[in-house]
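Taking it in order: structure first as structure tokens, then the write-up.
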Amino acid sequence: MSLYYEDIEIGARFTTASHVITEADIAGFCRLTRDHHPLHTDEAYAKQAGFSGIIAHGLYGLALMEGLKTGLKLYEDSSIASLGWNAVRFVRPMVAGDEVHVEMAFTDRRESRSRPAGVVTEAVDLILADGSPAITAEHVSLIRKRG
């Protein structure tokens, strides 16, 4: 499926497949970003800080949100660019073993002022297995019009 600007219905909701966060995911993100803060690498430190174990980076969760959304193939042939993420909030920590998925809904759409394309806004939440959000955000994309 590939949605074009004309196909976007405000209020339409989508849910992605789940992903289980692993220690290897967290360690890989540490290496990739060079962020080796002890909250992400030292279990004793993380527990002393009040967490149940090492926590995943909030930015890992945000990146994972985009990856999980991509699995829906909503914009497979119509995506032009991500224009950015707004109102990002890291609501709850994510630890190795947490299963997460994305719930998203279209909240706004308008024609681009500078291109023959559309600007689409989505409410995007990374949801933990208990149904509570780990991350909430708004994502804005530029997508093609038909024809």
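Applying the condition of being part of a loop (DSSP other than H, G, I, E, B) and of a type outside the set (D, E, K, R) to the range 109-147 and asking which residue is modelled with the lowest pLDDT yields G147.
Touching a residue at least 12 places away in the same chain (Cβ under 8 Å), surrounded by 19 or more Cβ atoms within 10 Å (Cβ to Cβ) and hydroxyl-bearing (S, T, Y) - does that describe any residue in the range 123-136? Scanning the range 123-136 turns up no residue that is touching a residue at least 12 places away in the same chain (Cβ under 8 Å), surrounded by 19 or more Cβ atoms within 10 Å (Cβ to Cβ) and hydroxyl-bearing (S, T, Y). Annotation note: of G58, G53, the sole residue that is within 24 Å of G131 (Cα to Cα), free of Cβ contacts under 8 Å to residues at least 60 places away in the same chain and surrounded by 13 or more Cβ atoms within 10 Å (Cβ to Cβ) is G53. Scanning the range 68-121 for residues that are free of Cβ contacts under 8 Å to residues at least 24 places away in the same chain and either within 30 Å of K47 (Cα to Cα) or buried (at least 19 other Cβ atoms within 10 Å of the Cβ) (or both) returns a single hit, T121. Checking the stated criteria, H37 turns out to be under 24 Å from A137 (Cβ atoms), without any contact (Cβ under 8 Å) to a residue 60 or more places away in the chain and loosely packed, with under 14 Cβ neighbours inside 10 Å.
Candidates in the range 1-21 are the residues that are of a type in the set (A, V, I, L, M) and within 24 Å of S112 (Cβ to Cβ); of these, the one that is surrounded by the most Cβ atoms within 10 Å (Cβ to Cβ) is L3.
The values are calculated or read from the model by the stated rules, or taken from the named source; none is laboratory data. From a predicted model like this one, the values you see are computed outputs, not experimental measurements. Glycine also receives a Cβ, built like all others from the backbone with ideal geometry; neighbour counts cover every protein chain displayed.
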